[in-house]
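Have a look at the structure below, then the notes.
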Amino acid sequence: MASRQKLQPRAPWTIRNLVAAQGLAHVLPALPVGYWQRRVGARAFALDVVPAMPRESQHVQFARMPGMPPLWLLASAVMTWGIVPWIWRGDARAERAEARAAVARVRAATRTPTCAVVFVASAGERTRLRHMPHLRATGTTATVSAVGFITLDEIVDVLAEASGDLDGRQCAAAVGHALRRLRAIDEASEAVP
């Protein structure tokens with residue numbers, strides 16, 4: 001696990017990824033399960049087989065797992081999604097080891113038949129291309145779990161689509177709040193050299 005010393009001082013991209021992951025995890029339970037699973041899955045697992053996304057289970061339990069990095073779990077009766085901020089930069093092997101440890105933490109907490117781990121990474125990084133081949137699950141775990149990446153821009157796109165597609169006061173309020181927060185993060189990060 002990453003120590004707090006390795007993360008200090010926190011770089012702006014680390015904070016952006018952390019807040020984006022938190023914002024995504026907090027808004028998804030307000031959306032219909034089938035809606036967000038299809039859209040987040042399409043972006044996170046672009047060319048991979050998207051994990052099973054049942055529409056019948058509309059209740060999602062939300063939990064934050066302690067530790068570093070913080071993880072957010074969204075669990076329905078049949079699937080658990082782990083939302084993890086990508087906070088590592090440095091040696092590729094060390095980054096992958098930390099990411100694999102985060103995936104293992106999600107799998108260990110999963111009480112459903114299938115799970116997916118979505119890393120929230122900065123758009124400017126080539127993290128997805130650099131690490132995805134090394135983080136994909138293999139063997140028997142490949143049939144029950146998937147690992148993917150989503151960027152802040154993709155999260156904003158999903159929420160912008162949701163604001164136009166979905167009705168309902170609670171849903172609209174949650175999406176609007178998350179969109180404002182994530183756009184503010186995006187604008188603030190562009191202002192930082």
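The values are calculated or read from the model by the stated rules, or taken from the named source; none is laboratory data. Nothing here was measured: the structure is a model prediction, and the numbers come from that model. Using ideal geometry, Cβ is built from the backbone for each residue, glycine included, and neighbour counts are taken over all protein chains shown. Keep in mind that these areas ignore ligands, DNA and RNA; they rest on the heavy atoms of the full protein, side chains included. Shrake-Rupley method; radii C 1.70, N 1.55, O 1.52, S 1.80 Å.
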Those residues that are part of a helix (DSSP H, G or I), at pLDDT below 60 and among the hydrophobic types (A, V, I, L, M, F, W, C), I need them from the stretch 133-156; list them, please.
-> A142
Would you say R180 is in a helix (DSSP H, G or I), open to solvent by 40 Å² or more (accessible area, probe 1.4 Å) and at pLDDT below 80?
-> no
Could you tell me whether A160 is over 23 Å from T14 (Cα atoms), among the hydrophobic types (A, V, I, L, M, F, W, C), at pLDDT 85 or above and out of contact with any His (no Cβ under 7 Å at 6 or more places or on another chain)?
-> yes
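Suppose we keep only residues that are of a type outside the set (A, V, I, L, M, F, W, C) and touching a helix residue (DSSP H, G or I) at 6+ places or on another chain (Cβ under 6 Å) within the stretch 77-92. Which one would you say is nearest to T112 (Cα to Cα)? I'd like the intermediate steps shown before the answer.
Filtering the stretch 77-92 for residues of a type outside the set (A, V, I, L, M, F, W, C) gives 80, 82, 85, 89-91.
Retained after the next criterion (residues that are touching a helix residue (DSSP H, G or I) at 6+ places or on another chain (Cβ under 6 Å)): 82, 85.
Details: G82: 12, P85: 22 Å.
The qualifying residue nearest to T112 (Cα to Cα) is G82.
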